[in-house]
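**Student:** Got a structure for you, questions after.
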Amino acid sequence: MSDSWDRLSSWLQRQDLTAVLVTNRTNVRYFSGFAGTAGVLVVGAGERKIFVDSRYVEQAKKMAPAFEIVLSRGNPLEAAADFLQLQSWQSIGFEEESLTVSEYRRLQTKVAADRWRPVQLEPLRMIKTAAEIDTIAAAAAIADGALAKLLPLIRPGASEKELAATLEYEMRKLGSEKPSFETILASGPRSALPHGTASDRRLERGDFIVIDFGATHEGYRSDITRTVCVGRASERQREVYATVLAAQLAGLAAVRPGALCRDVDKAGRQVIEAAGLGAQFGHGLGHGVGLDIHESPRLSPMAGEAVLAAGMVVTVEPGVYLPDWGGVRIEDLVAVTETGCRILSQTPKALLELT
């Protein structure tokens with residue numbers, strides 16, 4: 001909390017803002033520690049206030065001890081606006097991406113529009129502390145352990161939904177608070193769906209299975225993808241898998257401080273393009289992970305001048321998706337270090353043929 005608070009205080013000074021209204025739930029947690037589902041912060045000008053309704057007063061006292069708890073009789077956002085209306089502050093930041101148009105209009109009925117300035121706080125979360133990285137690594141270890149429990153259960157006749165439910169149950173048993181996101185488990189031709197969540201389809205011999213999932217530990221997420229084969233893989237399956245693995249290794253090798261995010265994407269993408277499969281890799285090479293499953297930075301051809309820095313945590317996840325045939329994706333979660341990267345996902349990546 002002290003680190004995130006220092007970042008926010010310094011940021012307010014650099015932005016020449018008197019205060020900021022924090023409404024994004026992830027940012028509320030990051031800057032205060034409060035993880036409830038309803039609450040907003042007002043920070044700056046010597047104030048640290050968290051506005052919550054009666055359901056969350058005790059929780060906020062325990063989770064956000066550095067903040068003054070303000071009980072709102074109705075909507076916490078309205079209570080925060082009432083407080084701001086009484087202040088003479090001339091420059092107040094608001095999170096433009098987490099307010100609806102109607103909410104922003106209501107704020108303007110309390111505080112004049114020329115006193116509001118749109119801001120984005122997510123970039124303040126990009127550089128993780130050592131403690132944050134350790135927490136994400138713990139979430140990754142939970143996911144690795146759960147997958148090890150699942151693999152022996154993968155056999156012809158098992159349904160995607162059954163396997164996904166088992167995987168999530170095993171993560172819970174190992175300490176996960178919840179899945180990082182809806183588990184993706186797609187087999188056979190469905191493995192060509194990059195976000196193919198589990199269906200009633202039953203596995204058949206010769207299927208590729210793409211398993212993309214993650215655990216949550218102390219609010220922080222993990223993200224890993226492995227592709228396995230039910231039975232012996234065909235020569236074509238081996239070729240496609242080898243191409244994706246080579247691209248993933250090239251992407252990992254490109255991760256280091258100072259690297260342009262688009263160049264890291266290019267390092268993996270050009271391997272797939274050289275194999276004639278570039279059109280079958282339509283998404284970016286990776287994304288940041290933290291309290292949210294998708295954070296900045298993005299490893300993408302459209303990343304502009306964004307640069308990696310030590311302390312960032314990103315995925316490296318190339319994929320090839322062939323309609324009516326199947327797909328392969330291989331993903332690791334990595335922390336950028338001073339010299340390269342530390343791979344947090346420990347499940348082996350050699351093609352596993354489950355016979």
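The values are calculated or read from the model by the stated rules, or taken from the named source; none is laboratory data. Small disclaimer: the values here were computed from a predicted structure and weren't measured. Reconstructed Cβ throughout: ideal geometry from the backbone, glycine too, with neighbour counts over all protein chains shown.
**Student:** Starting from the stretch 265-291, keep only residues that are not assigned by TED's automatic domain parsing to the domain that holds Val313, then list their pairs with residues that are not aromatic (Phe, Trp, Tyr) whose Cβ atoms are within a distance under 8 Å, requiring at least 6 positions of separation or different chains.
**Tutor:** Pairs that qualify, where the first residue is not assigned by TED's automatic domain parsing to the domain that holds Val313 and the partner is not aromatic (Phe, Trp, Tyr): there are none.
**Student:** Please state which of the following conditions Trp5 fails to meet, knowing it meets all the rest: (1) closer than 24 Å to Tyr220 by Cα; (2) in a loop (DSSP other than H, G, I, E, B).
**Tutor:** Just one mismatch for Trp5, condition (2).
**Student:** While we're looking at this one, here's another question. Among the residues of the stretch 213-237, write down those that are under 26 Å from Ala198 (Cα atoms) and part of a helix (DSSP H, G or I).
**Tutor:** Arg236, Gln237 - these are the residues of the stretch 213-237 that are under 26 Å from Ala198 (Cα atoms) and part of a helix (DSSP H, G or I).
**Student:** Can Val20 be described as of a type outside the set (D, E, K, R), outside any helix (DSSP H, G or I), surrounded by 21 or more Cβ atoms within 10 Å (Cβ to Cβ) and in contact with a Lys or Arg (Cβ under 8 Å, 6 or more places away or on another chain)?
**Tutor:** No: the conditions fail for Val20.
**Student:** Residues that are in contact with a strand residue (DSSP E or B) (Cβ under 9 Å, 6 or more places away or on another chain) and buried (at least 19 other Cβ atoms within 10 Å of the Cβ), at least 3 per element: which strands (runs of 3 or more DSSP E) completely within the stretch 238-355 meet that?
**Tutor:** Hits in the stretch 238-355: 286-288, 295-299, 313-316, 319-322, 326-329, 332-336.
**Student:** On to the next question. Given Phe83, Phe94, which one is in the same structural domain as Leu41 (by TED's automatic domain parsing), assigned to a helix (DSSP H, G or I), at pLDDT 95 or above and not β-branched (Val, Ile, Thr)?
**Tutor:** Of the residues listed, the single one that is in the same structural domain as Leu41 (by TED's automatic domain parsing), assigned to a helix (DSSP H, G or I), at pLDDT 95 or above and not β-branched (Val, Ile, Thr) is Phe83.
**Student:** Another question, then. Please determine, by comparing only the residues of the stretch 152-198 that are assigned to a loop (DSSP other than H, G, I, E, B) and charged (D, E, K, R), which one is farthest from Cys229 (Cα to Cα).
**Tutor:** Per the criteria, the residue is Glu177.
**Student:** Which of the residues belonging to the stretch 330-346 are closer than 14 Å to Ile133 by Cα and either in contact with a Gly (Cβ under 9 Å, 6 or more places away or on another chain) or modelled with pLDDT under 95 (or both)?
**Tutor:** Leu333, Val334, Ala335, Val336, Thr337
**Student:** Restrict the check to the stretch 181-188 and report whether at least one residue is more than 23 Å from the chain's Cα centre (by Cα), over 17 Å from Val20 (Cα atoms) and assigned by TED's automatic domain parsing to the domain that holds Thr225.
**Tutor:** Yes: the stretch 181-188 contains one or more residues that are more than 23 Å from the chain's Cα centre (by Cα), over 17 Å from Val20 (Cα atoms) and assigned by TED's automatic domain parsing to the domain that holds Thr225.
**Student:** Using the structure shown, decide if Gly145 is without any contact (Cβ under 8 Å) to a residue 60 or more places away in the chain and in contact with a His (Cβ under 7 Å, 6 or more places away or on another chain).
**Tutor:** Here the answer is no, as Gly145 does not meet what is asked.
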